[in-house]
There are 2 protein chains.
Amino acid sequence: MKIREVGEFALLDRLSRIIALPGDEVIIGIGDDAALWKGSSFALATTDSLVAGVHFFMDDLSFREVGSKSILVNVSDIAAMGGIPKYALISLSLSPEMEFCEVEELGEGISKVCSALGISIVGGNLSSCPTLVVNVTLIGEAKDEKVLTRRGARVSDLVAVTGYLGLAGGYRRLKSEIHNLDLRIRSILRQAFACPKARILEGRMLCESGVRAAIDVSDGLVQDLSHICEGSHLGAIIMIDRLPLHPEVCEFLTAEDALYGGEDYELLFTAPPQLMPALEQRLPCPLTVVGRMVEDHPGEIILLDGKGNRLPHLRSGWDHFAHPNLKP
Amino acid sequence: MKIREVGEFALLDRLSRIIALPGDEVIIGIGDDAALWKGSSFALATTDSLVAGVHFFMDDLSFREVGSKSILVNVSDIAAMGGIPKYALISLSLSPEMEFCEVEELGEGISKVCSALGISIVGGNLSSCPTLVVNVTLIGEAKDEKVLTRRGARVSDLVAVTGYLGLAGGYRRLKSEIHNLDLRIRSILRQAFACPKARILEGRMLCESGVRAAIDVSDGLVQDLSHICEGSHLGAIIMIDRLPLHPEVCEFLTAEDALYGGEDYELLFTAPPQLMPALEQRLPCPLTVVGRMVEDHPGEIILLDGKGNRLPHLRSGWDHFAHPNLKP
């Protein structure tokens, strides 16, 4: 049944039943003009959208995956500050021609990942729109003012990343021929694209260990590191033979996927060299040093090969208004 | 120049210059993965979108007005809880074919109203999208847990509204013939539609005066009062000869505009009769008693004419997925 036949209020009613009960701090949840909760000393907030035909195509992701990914990309931003995600507000812009069960699946995807991560859904909004747009605002808490920022890098800090790079970018590049690949390979690539990791614990641990500069890799390593460079008025060197490629799929990925692919949602951070061994021991995921911050060339990223030779940049990162994937 | 020619980062840079500096409580504003601010004991949050072709047509509103209205509709929700709006996160879904100056105007509209109301813009997001969607999440503060809710109405409470009803609905109904009307009439109708009032002070005063039930009139008096009825497990009577129509334009408006028109963004509240004289004296706007809460017919709205005769409902309120104005 189409949602235009069901109507807004029946849809709202169904979605509010799918959504898990909020946590104890929530005094008023969904269903009033605004939500009310007991606040914390330091609040964090971020917002991000997934737009059909831009961030994904409906043959790439199930509605459930669109729902869960819309939360995870925001969780990644809170994690990159060293915070804990707490409250989500979700705006769904839906075509009246969407099937009721598709919106249910979208809601289930959102609800499931929020439940798993202890996030209370406290607000939302439904609008009709020719294009599916899922907008999430995520509000979190920080322990104190010492969060991870783009301006916290220092000269001679090492540049490191959690996990692996280039998987989601590789998936997008290989998509048209992916059925030729082994099931396991396909699954690793697709999983990274459809269901990015939530590095909440890692962000907290980095912050507690004294790290001060981080960003999540959403637009590609080069572009996101350049934000740290600009924020910290420094340059950075990336050693491209150090890029962490997933061992099971590395033969299918290129340095370009890791440098520019984007949607990795790993944490990119900088830290003094002496901090790195403790971090490697403490964090529950692979950590790879990929470069270092330098005083020269503020705002610039220098790519070096294994022999220390400078390489030209291959391309720039994602631009929402000039991207070739864009269906205008 | 089109925004696809300018690119995302130049646009972000320009928008961040348009936006006023945030308040002192903001430790990290726009430009990092998430914003950070000193929290409050009780936090409120709401989210709402304006979608081109659904909530407005581009010949109805200037880009500046779309920007300011996107904030005001959210302010109205925080005001209806008795709270103070503090922090906004704004997601713009923009067509790459939009002109750079149009996005600048949108940003100026957003910034101006936020500055005027003491709201700090702390986050945002740009996406390309075939349709213009402006989504705002507004975070506010409440003094304590005693906020205005939909469940706070009691039997025999009077039902009252701030200001006038039916202006925006009347504007939409009369739009095609509006150029035949006197300039002053046109201006009153259009202003109500394009630039709704922010009833922040009124919401605070209602809350401080002991009022416990309120909602903002976004979907029409009947529909929004029915939310209070459902939340409070009561029925309500509306006396249609009491509907507050603006004295200068009342001859152009119908009871139907006031009952079902929507987008009034006035505060609809219930209060014991003995509280009403003090409220009328204290609030800086017209207050009109339009009915009362009753124990019978829970969830139902009964319309009475001047002689006490029951009238049939003329139509239901706004449904986003079945509205005739919708351009699917």
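Coordinate-derived values only; no laboratory data. Nothing here was measured: the structure is a model prediction, and the numbers come from that model. Cβ: placed from backbone, ideal geometry, glycine included. Neighbour counts: every protein chain shown.
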message = Could you tell me the center-to-center distance, by alpha carbons, between the range A:61-93 and the range A:218-242 in angstrom?
response = 24
task = Hydropathy first: keep DSSP H helices in chain A averaging at least 1.6 on Kyte-Doolittle, then drop any whose Cα extent along the axis falls short of 30 Å, and list what survives.
result = none
remark   = Both in Å, the radius of gyration and Dmax of the C-alpha trace of the protein assembly as shown are 25.9, 94
key: Cα coordinate range in the range A:129-168, projected on the principal axes (Å, largest first)   = 50, 32, 17
query = With charges set only on the Cβ (+1 for Lys and Arg, -1 for Asp and Glu), what does the dipole of chain A come to about its Cα centre, in debye to the nearest 20?
reply = 480
key: Packing rank of B:132-138, A:175-181, where each peptide gets the mean count of other beta carbons within 10 Å, highest leading   = B:132-138, A:175-181
note = Per residue convex hull volume, Cα only, the range B:158-311, in Å³ is 110
Magnitude of the charge dipole, the protein assembly as shown, Cβ model with Lys/Arg +1 and Asp/Glu -1, debye to 20 = 580
query = What is the distance, in nm, between label points placed 7 Å from the Cα along the Cα-to-Cβ direction at residue B:184 and at residue A:241?
reply = 8.3
task = Go from 0 up to the bin containing the longest alpha carbon distance in the range B:170-227, width 10 Å each, and give me the % of pairs per bin.
result = 19, 34, 30, 15, 2
message = Run the reach check for residue A:175 against aspartates and glutamates, Cα to Cα strictly under 19 Å, same-chain hits fewer than 8 apart removed. What comes back?
response = A:59, A:60, A:65, A:219, A:248, A:251, A:256, A:257, A:263, A:264
note = quick shape note, chain B: Cα extents on principal axes in Å, largest first -> 64, 50, 34
message = For a 22 Å ceiling on Cα separation, which of these pairs sit above it: B:86/B:146; A:38/B:86; B:112/B:197; B:38/B:112?
response = B:38/B:112
query = In terms of the ratio Rg/(2.2 N^0.38 Å) built on C-alpha atoms, what value belongs to the range A:1-44?
reply = 1.55
inquiry  = Could you give the length gained by full extension between residue A:177 and residue A:24, i.e. 0.36 nm per residue of separation minus their alpha carbon distance, to one decimal place?
reply    = 50.3 nm
note = The lysines whose Cα lies under 19 Å from the Cα of residue A:2, excluding any fewer than 8 residues away in the same chain, are B:327
key: Alpha-carbon centroids, the range A:138-204 and the range A:1-60: separation in whole Å   = 24
Peptide B:85-98 - average C-beta neighbours from other chains (10 Å radius) = 4
ask   = Once all Cα-Cα distances of the range A:73-120 are split into 5 Å bins that start at 0, what whole-number percent is in each one?
value = 5, 17, 26, 20, 14, 11, 5, 2, 0
note = Here the equivalent ellipsoid of the range A:3-142, derived from its Cα gyration tensor, has semi-axes (largest first, whole Å) of 25, 18, 12
query = Quick one: Kirkwood hydrodynamic radius for the range A:110-199, alpha-carbon pairs, angstrom, one decimal?
reply = 17.5
